[in-house]
Amino acid sequence: MTACRVCSTHIGAPSYEAPAPALTSGTTLLDVPTRVFVCGTCGHAQSDDIPDIQAFYDTEYRISLSSENHDQIFAVAADGTITYRTDHQAALSLRLLDLPEGASILDYGAAKADTLRKMAVAREDLRPHVFEVSSDYAPAWQGWVPEAAQATYSVPEAWRGTFDAVMSHFVIEHVADPIGFMRDVHDLLRADGTFLFSIPDVAGNPGDMAVADHLNHFSEASLAHALASVGFELQVIDSTSFPGAFFVVAKRAEATVEAAHTSKSAADAAKEARDICAFWDRASETLAGGADRYAKRKVAIYGAGFYGSWIYCRIGQAVDVVAFLDRNENMKGATHFGIPVLSPEDLPAEAEALFIGLNPLKARAAIAAQPWLQRPGLDHVWL
């Protein structure tokens, strides 16, 4: 039995379970199994805590620190133009927050704070602040965030009740106590202050369900329950502007708040989560079949992110992976698990099969748009 992190309901058996190793969002391996529990009361899904979580985020978790300009691809236009994630996050955050002149804003769980930095370039009147549970990102803040506006490991008491807005992009899914996290943000805001945060939408990106360090998989129903329980009025749940993610806007309230009604009930959300768990069971079987079919033969994997890494962890010992393919320009010349990362048009001629490591909701369209991946005799293995 385990307790739901949102509503405290006791949950019985896991809906998904896979043996070690588990794969993190940073594509590192942990020697633990992956288990997902689904709460039928509030529609929340959650995974087990990872070992020594504080040390993991302090000294091991290194988001976008591989190079100064490291970023993730958000979209690729028909003409090949790439939009990177933090550029899109910055523009979307400014639109959703509608900040007053001279607003004081805190990036809570900032990492390099690239999104906030780009917002501050667009709005020079903003007063940026940053907080992180590791000091490793501090060099990235120098020169544009005043020293007094930087904090690591703990938030200064003087900051409480002072911010017009607190922003937290793709952080809450990582924390073992999401309700406590939201309560801390509530305390940092001024009366009527705004909380903007983004989190994965597992319905739009099923891969999130298998990410070891994503402990929380929120639904609209569990989001509404969580926010109301700590005194936030839910204003916006945007699931379209950033496919595969929720962008959420909530206002600090002083009185008791009723949970907002959402488009899906908790029961619907729980069923959807269990269906996604079943997808991962089927994907494991598909990969096992592909690994048997191409045992010891040369293959390539499309995608050097989570999906591609998950595939490699399950077939890498059975087949000869000659390359990862990825369109991210920042990965040119890199290796992943010791294997070269190439542009898709450089698919090695000796590869007999291409295992597709992309969001399955988008994968077929993405591959169909690239004629060099339609080579005669090349087998595509889909999740």
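One chain, two ends: Gln72 and Glu350. Fully extended at 0.36 nm per residue, the span grows by 97.2 nm beyond their Cα-Cα distance. Beta-bridge orientation, the chain: approximately 50 percent antiparallel, per DSSP, counting only bridges with both partners inside.
For the chain, the 222 nm mean residue ellipticity estimated from helices alone, with every DSSP H stretch of n ≥ 4 adding -39500 (n - 2.57) and the total spread over all residues, rounds to -7500 deg cm²/dmol. Put simply, the amide H of Ala3, placed in the peptide plane, has neighbours under 5 Å in Ile11, leaving out anything fewer than 5 places away on its chain.
Projected label points at Gln235 and Lys296, each 7 Å from Cα along the beta carbon direction, are separated by 6.3 nanometres.
Taking every alpha-carbon pair under 8 Å whose residues sit at least 6 apart, the range 96-193 reaches a relative contact order of 31 percent. Heavy-atom accessible surface of the chain, averaged per residue, reaches 43 Å², computed with a 1.4 Å probe. Given the options Tyr84, Ala304, Pro146, identify the residue whose Cα lies farthest towards the positive end of the charge dipole of the chain (+1 on Cβ of Lys, Arg; -1 on Cβ of Asp, Glu). Result: Ala304. Within the chain, Cys277, Cys313 have no other Cys Cβ under 4.7 Å of their Cβ and so lack a disulfide-compatible partner by this rule. Computed from point charges on the beta carbon alone (+1 for Lys and Arg, -1 for Asp and Glu), the dipole magnitude for the chain about its Cα centre is near 760 Debye.
Distance between the pseudo-spin-label points of Asp87 and Ala369 (7 Å out from Cα toward the beta carbon): 1.5 nm. Counting only protein heavy atoms and a probe of 1.4 Å, the accessible surface of the chain is 50% carbon and sulfur. The residue list Leu373, Thr286, Val319 was ranked by how far each Cα lies along the charge dipole of the range 230-383 toward its positive end, using unit charges on Cβ atoms, and Val319 comes out on top.
The values are calculated or read from the model by the stated rules, or taken from the named source; none is laboratory data. Remember, it's a predicted structure, so these values are computed and weren't measured experimentally. Methodologically, a virtual Cβ is constructed for each residue, glycine included, from the backbone with ideal geometry; neighbour enumeration extends over all protein chains shown. Accessible surface is based on the protein model in full, side chains and every heavy atom, while ligands, DNA and RNA are left aside. Shrake-Rupley method; radii C 1.70, N 1.55, O 1.52, S 1.80 Å.
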